[in-house]
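The values are calculated or read from the model by the stated rules, or taken from the named source; none is laboratory data. Remember, it's a predicted structure, so these values are computed and weren't measured experimentally. Every residue, glycine among them, receives a Cβ derived from its backbone with ideal geometry; neighbour counts consider all protein chains shown.
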Amino acid sequence: MGPKSENRLETQTWSAPAGETPSSALTVPGLTILGHPEIQRVGERAALLDLSSGRESLVSRAEPGFSPPGESAFRPLAVPYLSRRPWLLRSTAGGGVQLVRGDSPMSLAANVAGNVAGNVAGKNEPVDSEASFSAAEVERGVVLLLAGYVVLLLHRFRPVFPGSLPRYGLVGLSDPLLDLCRQIARVADLDVPVLLRGESGTGKELVAAALHRASRRRDRPFLALNMGALPASLAAAELFGAARGAYTGAEHARRGAFRRAHGGTLFLDEVGETPQETQPLLLRALESGEVQPLGSEETARVDVRVVAATDADLEQAIADGRFRAPLLHRLGGYAIRLPALRERRDDIGRLFFHFLREELAAVGEEHRLTSPGADAQPWPPAAWIARLAAAPWPGNVRQLRNVARSLAIDSRRSGEDHGEAPLPAVIEELLRQESPAAPVARPAAPALSSEPPRTAFRSPQDVTEEELLAALAANGWKPRETALQLGISRPSLYFLLDTFPSVRKAMDLSREEIADAAERCGGRLREMAALLRVSEPGIKRRMKQLGLRPS
């Protein structure tokens, strides 16, 4: 095993096809460290290039080699409690992965991330001799607990790492987070308004602040205003200011948020909650660059870049008459969608230990995270990390931080060896309270006419990037079947394909990518389509367009 392992550690390199940027490079199956006795190794990853080429990959104490993203010095897991005799990973039809014990004595438990009903996460199920995971499950992420000491995430990622890309103080190195950083870099120095969309708890204010710090306005004010917290009667005064005596209690003149943010950035959080009577005034201010304080006949010019954020379905709000379409168009000069935590699951280890370190320092217990070394039982126990890694996280990064805070407080002055103890009850309860409720089946309404029933489609806003990728993989990247599974129309599917940066169409493939895939797959179209993550008819059409012939 010695010489073989060394060869593998030295040859795990990958380069993007000629002319391709990292954001469009192929993804490969790989492993990311979520938990390790040496905490500084959390976040290291290994690209399983053998697996992507149809050969076996090995997981043991000595293999594969892991490195921080962007670095080339590979190290094995090197935990003495892991066996040198490996588990085998084999690719299966359609992009799935099979785990096979072989003759390894090492225990291994697996948990498909987010595949949960009614609780935070199912138990980490021990694998006896073998287990298989579909392409969709690998897309979501498979959490692996090795010998109770190491937690790995089996998933797909881009092997090319953009080391020069600014991170803007955002924690994480996952592909979705790097895509977010690219979008910040594209628009930060422009004065166009930006609309941040995403679930609650994904960090929209942090991104707004990052946009401000990276802009030419960085030395001017950054002002945040939560529109959902403003009473309707005071919203206009808070935004545009008010003259003395303009309303009951206005004993002094008020400048308003636009004037206080003059020259800088105004962040309007929960903009979907803006009172309806205030929306025309906000639209006028955005279009004219002028504000008129309440009770005043004078207008004032303002130079403000507006960044707005919402987790609401503004299109539905427009359809319901609760939000003005022109205001959405004005706010959405450039839209950025923030990924949910479940879409960047390989960042969970990085984020959790970042938050836990801060929270432990706040209560004077930072020594709890001192790495005990590769041969000692880690704290928090690896089994806890595996449970957290597979959780659905409906509250996203905010919920993860709350869990880290609860764990830091709950562990104060505790010298006990937690070992295989369950998660503290306070954390179990916190996660249980924020878990999404199971959907309730409703009986179909009786037909009122002889006309055929119309198909009831979901709103495309309800489809996450993770769900779209999983459905595409499960249906061989075929649009019709994917749209049917998601319950959306074909036009909505094409809209989503254009919206999410990690999803490409066959027409986006370069000649070099197709040639590389053909060489790796022996020219077999089905395998090429699975590797390139497009449909087989789509790659045929693209090859014809480029003048390439299937071999």
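Tabulated values for the structure
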read-out	value
Complete set of residues in segment 52-68 that are surrounded by 20 or more Cβ atoms within 10 Å (Cβ to Cβ) and under 23 Å from Asp175 (Cβ atoms)	Ser52, Ser57, Val59, Pro64, Gly65, Phe66
Candidate set from segment 477-503 (those that are out of contact with any helix residue (DSSP H, G or I) (no Cβ under 7 Å at 6 or more places or on another chain) and either not in a helix (DSSP H, G or I) or not charged (D, E, K, R) (or both)); member that is modelled with the lowest pLDDT	Pro491
Filter result (acidic (Asp, Glu) and part of a helix (DSSP H, G or I)) within segment 176-196	Asp179
Residue in segment 294-308 that is part of a helix (DSSP H, G or I) and either in contact with a helix residue (DSSP H, G or I) (Cβ under 9 Å, 6 or more places away or on another chain) or assigned by TED's automatic domain parsing to the domain that holds Gly201 (or both) present	no
Single residue of segment 304-320 satisfying the filter (charged (D, E, K, R) and within 21 Å of the chain's Cα centre (by Cα)) that is modelled with the highest pLDDT	Asp311
Enumerated strands (runs of 3 or more DSSP E) restricted to segment 122-175, each holding at least 3 residues that are in contact (Cβ under 8 Å) with a residue 40 or more places away in the chain and in contact with a Pro (Cβ under 7 Å, 6 or more places away or on another chain)	none
Test result for Tyr149, closer than 27 Å to Glu358 by Cβ, at pLDDT below 95 and within 18 Å of the chain's Cα centre (by Cα)	no
Residue match in segment 422-434 (condition: within 23 Å of Leu108 (Cβ to Cβ) and either in contact with a helix residue (DSSP H, G or I) (Cβ under 7 Å, 6 or more places away or on another chain) or modelled with pLDDT under 90 (or both))	yes
Evaluation of Pro275 against (1) touching a strand residue (DSSP E or B) at 6+ places or on another chain (Cβ under 9 Å); (2) under 22 Å from Ser200 (Cα atoms) (one fails), failing number	(1)
Search result, residues across segment 397-413 that are among the hydroxyl-bearing types (Ser, Thr, Tyr) and modelled with pLDDT under 85	Ser411
Candidates Pro372, Pro381, Pro394 - the one that is closer than 24 Å to Ala110 by Cβ, at pLDDT below 95 and more than 17 Å from the chain's Cα centre (by Cα)	Pro381
Extreme residue, surrounded by the most Cβ atoms within 10 Å (Cβ to Cβ), among residues of segment 78-101 that are under 27 Å from the mean Cα position of the chain (by Cα) and over 17 Å from Ala473 (Cβ atoms)	Leu89
